[in-house]
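The values are calculated or read from the model by the stated rules, or taken from the named source; none is laboratory data. Note that the structure is predicted; figures quoted are calculated from it, not measured. Here the Cβ positions follow ideal geometry from the backbone for every residue, glycine too, while neighbour counts run over all protein chains shown.
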């Protein structure tokens, strides 16, 4: 009789462990998705090395990455929610897509076409000019 009691207890413990392992694996899969895309210029050429940033609009959590040699980027896994996605590269205007929804186990595709930026120059003069003697 004692053997049956021990086997029953071991069986209950094993079932409990299986439930915990299963539920922790499901939780990781259930509340994430991904954001991916490509950054290009106005001619359609890819822009490697562009900085892409995602910001969760609900938590203000921010993550950044850089596009690869093919101009692509990927954020995965990403908590489900609503995001703002921004792409920037020197010499181009920064582009932003707001209200990008990441759903359960879904991939949100956010592509960018960057426009050439404004060329600005700032000259700062310090010091006083020399005095002229007459």
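Brief remarks on what is shown
- Test result for residue 71, in contact with a strand residue (DSSP E or B) (Cβ under 8 Å, 6 or more places away or on another chain), assigned by TED's automatic domain parsing to the domain that holds residue 88 and at positive phi: yes
- Condition check for residue 58: over 30 Å from residue 116 (Cα atoms), in a loop (DSSP other than H, G, I, E, B) and modelled with pLDDT of 95 or more: yes
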